Amino acid sequence: MRDFNKLKKLYWLQLLSVFLLGSYLLFFGQWRIESNLLSILPHSAQQQDFSAAEQALFKNKSQQLIVLIAGDNALNAHHALAVKARDVANVNIVPLAEPSLTDIAEFYRPFRHNFLTSSYLENIDNSQVLMKLATQQIIQVANPFVSETIATAPRLNLADYLQVALSNLADVEFDQGVAFVNVQGQRYLLSRLQVTLDGLDLNTSVDISAKLQQLFNDIRAAEQVELIYSGILFHTAESTSQAKSEISTFGVLSLVAVLLLIWSAFRSILPLLSALLVLSIACAYGFIAILLFFQSLHLLTLVFAITLIGVVIDYCFHALVYADRQRKHQQEHEGNPLTKPLVLGFITTAIGYFILVFSPLSLLSQVAVFMIFGLLGALITVLVLLPQLKGFSKITCSPFALTFSQQGIELFSKVVNHKKAAIALLTLALILLTVLEPIKFNDDVRLLNSSPKWLIDQEVNVAKALSYQNSQRLIIKARTAQEMLEIQEQVIDRVLASQANISVKGIDKLLPSVKRQQQHYALLAKADEQGSFQQVLALSGLPDPISAFKPLRFQDFLQGPLAEIAQSYTAYYDTENGLEYTSWLEFSQVPLSADNLLWLAENPHVSLYDTASDVSDALGQYRQGILWLLASAFVAVVVILFAKYGLKAGALSAIATIGSALLALTLSQLFSSYLNIFNLLAVLLIIALAIDYVIFYQEHGLQVKTFLAISLSALSSAAVFGILVFSATPAVSSFGLTVMIGIVSIFILAPISAKNINLSEMGSS
């Protein structure tokens, strides 16, 4: 008894320590809750290598909102948006001003001999063709490129070059200072808004999104225009609202279901309070562990964390059903009879979750840590604290619950007495289900996306308008700016030489590498020396002596009138090895060929920017690993159960455990038409829960109180996980479906592992 008193003191000491640690982390810890999907996704090795480059290139773009307006009153709507958007906190208007061609021409003037278009390059030695090209430009009276450059670059190579380069990069056109895009004859006025996302809590993001959407609706109604928009902010807000709604709704429903079960089984207040106490402590342990090990907590983690109720309550049911025996055994120095099966059950469940701690999907790592520490807190509380509560030992099961259990044993005893038939039926069912619906896997990253269809449709429409929908982007990174530009040119040359009808957009034309500038300069100087430009210069009537080579460098370009364009296509960032430079290219019209993709994949400086595809590939690779892990888990289950309970009992226990897991997978496939990584991860939990059930049946047999505790556990767990089926996030829904089916399956199959059958009310311990 003295030892147990020491144990009680240690329990209160650790609970106080947990409370103090939790308070410190909650109020002083550097943590945040986020809903950004990208933060929890796995990344391939190449993605991780380019992640810093991606962040440097697209961080500002991720904070931008695009608004397109069409209709007779589009201009009025455009101006109204510019005025009223300023009233929304953390939202700024991004001015879209047409670059000054005068400033551009003056900026390029010192470097005018370094730029030749393909037309000039192909005919650099043919004075007649060069004269023809120049004449074609001069007769274009309204051509601003000619008028702005002819005085300083009379060979007109610069006029030709700038016209080609700028038109190639133009996402938008300008009319009287207003930016617009043309989509199949429909003119859309373009507005860009900048949202300060960094440092904003999720509630603020939801508030900003709601205010902007209300503003958009008001403008639509007032001006009778078509208005479409896109931006990460709206997805963040929708996923935040959806997750918060599911957390509250699912959490309340789960808790109510569990409390109703407890009341039906015990018909007194103390069991309800005991369950709430255990659940509260378990949640506190889990939450503190999250704050301790992670700097951020994703909202989806909290959705998955609701399942803690379904697992923790299993411990409570066993403690409540055997309440009278626990105190008696402890007083007689016999120890708690639940210690061995509950600890074994905790170890198996914790191992299942521990595997997920090392998952490349941070969502799963967070859920695993939350569940392990939550279960630990629940286990300690159930074994140490609950037996000491006043009146706990007097808790008894209701007559209804005992009658239910006795009738259940009578029913399941027929299964136990016909084990071979049950196993044969299980085998036949698995074969038939597999034949009816062959196994197919879906690794699409959209399984984690809960954005509503209307918002996705908005994104698609904006992507179409800006020609983003069918394009492919490449990211290039290098140790120096010049290396970056040279690699960029190599990629473009290779793709254009091997594929027809493909277009490319990048900074390469406005800012060629020094090496390419020097090549162009040498060709122009040689041609000039040979007299190729003599007629052209005579036509313009202006001299233009070839000066010494002067390159346009990256840092100089960033200071020029096209700096905004430069910053849109290039970036540099700090690394452990110093600065690195990055840029992106966009290919459209036709997809990159398989040969080009293979060639690009072998280049360590180039990465295909396709986040959805890359993440889906990473999920597929991780899914393959999980399949091997499951196979290993099945083998481990067989070995452990055989070693613990012998050949016959171990075989029955293994059949029940593995059979329920396989049945859950095949039925999930039948209901959903495919399986995903979350179905497989659910099986790990099913195995852990199944082992809990068979351990209790092996330790206590098929007797009234054991069956009652397992029945209550199964019903509560099935209810909690079953609620997740209604989640708007496919990953959460599929996880809940598989676990629910698995729990029902193991509830039906586990009794075949029972060592004996006892129909007495108390049963044997």
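The values are calculated or read from the model by the stated rules, or taken from the named source; none is laboratory data. What you are looking at is a predicted structure, and each value in this text was computed from that prediction instead of being measured. Neighbour counts run over all protein chains shown; Cβ positions are idealised from the backbone, glycine included.
Out of the residues in the range 430-465 that are touching a Leu at 6+ places or on another chain (Cβ under 7 Å) and farther than 22 Å from Leu681 by Cα, state the one that is modelled with the highest pLDDT. Only one residue fits best here, namely Val462.
How many residues are part of a helix (DSSP H, G or I) and at pLDDT below 80 when one looks only at the range 189-214? Explain how you work it out, then say what you get.
In the first step, residues of the range 189-214 are kept if they are part of a helix (DSSP H, G or I); the result is 202-214.
Now drop any that are not at pLDDT below 80, which leaves 202-203.
Summing the residues that are part of a helix (DSSP H, G or I) and at pLDDT below 80 in the range 189-214 gives 2.
Would you call Phe358 surrounded by fewer than 16 Cβ atoms within 10 Å (Cβ to Cβ) and of a type in the set (Phe, Trp, Tyr)? When the stated conditions are applied, Phe358 passes them.
Considering each of Pro512, Pro438 in turn, give the residue that is in a loop (DSSP other than H, G, I, E, B), within 30 Å of Ser734 (Cβ to Cβ) and out of contact with any Ser or Thr (no Cβ under 9 Å at 6 or more places or on another chain). After applying the criteria, what remains is Pro438.
Only a single criterion out of (1) over 21 Å from Asn90 (Cα atoms); (2) in contact with a helix residue (DSSP H, G or I) (Cβ under 9 Å, 6 or more places away or on another chain); (3) exposed (fewer than 15 other Cβ atoms within 10 Å of the Cβ); (4) without any contact (Cβ under 8 Å) to a residue 60 or more places away in the chain is not satisfied by Gln186, namely (4). Restricting Thr729, Thr657, Thr738 to those that are touching a residue at least 60 places away in the same chain (Cβ under 8 Å) and farther than 30 Å from Leu402 by Cα reduces the list to Thr729. Out of everything in the range 273-301 that is under 21 Å from Met740 (Cβ atoms) and touching a residue at least 60 places away in the same chain (Cβ under 8 Å), what residue ends up being nearest to the chain's Cα centre (by Cα)? It comes out as Leu300. Out of all the residues in the range 704-717, is one or more surrounded by 24 or more Cβ atoms within 10 Å (Cβ to Cβ), in contact with an Asp or Glu (Cβ under 6 Å, 6 or more places away or on another chain) and closer than 22 Å to Val303 by Cα? Taking every residue of the range 704-717 in turn, at least one turns out to be surrounded by 24 or more Cβ atoms within 10 Å (Cβ to Cβ), in contact with an Asp or Glu (Cβ under 6 Å, 6 or more places away or on another chain) and closer than 22 Å to Val303 by Cα.
The residues of the range 55-114 that are touching a Phe, Trp or Tyr at 6+ places or on another chain (Cβ under 6 Å) and surrounded by fewer than 16 Cβ atoms within 10 Å (Cβ to Cβ) amount to a single one, Glu98.
From the residues in the range 735-750 that are β-branched (Val, Ile, Thr) and surrounded by 23 or more Cβ atoms within 10 Å (Cβ to Cβ), which one is nearest to Lys414 (Cα to Cα)?
Step one: filter the range 735-750 for residues β-branched (Val, Ile, Thr), giving 738-739, 741, 743-744, 746, 748.
Okay, now just the ones that are also surrounded by 23 or more Cβ atoms within 10 Å (Cβ to Cβ), so 738-739, 741, 743, 746.
Values: Thr738: 27, Val739: 26, Ile741: 22, Ile743: 20, Ile746: 16 Å.
Taking the candidates together, the pick is Ile746.
Quick grid of which residues meet (1) out of contact with any helix residue (DSSP H, G or I) (no Cβ under 9 Å at 6 or more places or on another chain); (2) under 23 Å from Ser451 (Cα atoms):
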{"position": "Gln128", "(1), (2)": "no, no"}
{"position": "Ile150", "(1), (2)": "no, no"}
{"position": "Pro154", "(1), (2)": "no, no"}
{"position": "Asp160", "(1), (2)": "no, no"}
{"position": "Asn168", "(1), (2)": "yes, no"}
{"position": "Asp175", "(1), (2)": "yes, no"}
{"position": "Ser209", "(1), (2)": "no, yes"}
{"position": "Glu223", "(1), (2)": "no, no"}
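Among the residues of the range 166-188, those identified as part of a helix (DSSP H, G or I) and at pLDDT 75 or above are Leu166, Ser167. The set of residues in the range 678-729 that are of a type in the set (Ser, Thr, Tyr) and within 26 Å of Leu364 (Cβ to Cβ) comprises Tyr693, Ser713, Ser716, Ser717, Ser727, Thr729. Ser764: at pLDDT below 85 and farther than 21 Å from Leu641 by Cα, yes or no? It is true that Ser764 is at pLDDT below 85 and farther than 21 Å from Leu641 by Cα. With respect to the conditions (1) closer than 24 Å to Phe549 by Cβ; (2) without any contact (Cβ under 8 Å) to a residue 40 or more places away in the chain, Leu523 lacks only one, and its number is (2).
Output yes when any residue across the range 678-701 is farther than 30 Å from Ala243 by Cβ, touching a His at 6+ places or on another chain (Cβ under 9 Å) and either among the basic types (Lys, Arg) or not assigned by TED's automatic domain parsing to the domain that holds Val258 (or both), and no when none is. Spell out how you get there, then give the answer.
Initial filter on the range 678-701 (farther than 30 Å from Ala243 by Cβ): 691, 693-701.
Narrowing the set further to residues that are touching a His at 6+ places or on another chain (Cβ under 9 Å) leaves 696.
Cutting the leftovers down to either among the basic types (Lys, Arg) or not assigned by TED's automatic domain parsing to the domain that holds Val258 (or both) gives us 696.
Taking every residue of the range 678-701 in turn, at least one turns out to be farther than 30 Å from Ala243 by Cβ, touching a His at 6+ places or on another chain (Cβ under 9 Å) and either among the basic types (Lys, Arg) or not assigned by TED's automatic domain parsing to the domain that holds Val258 (or both).
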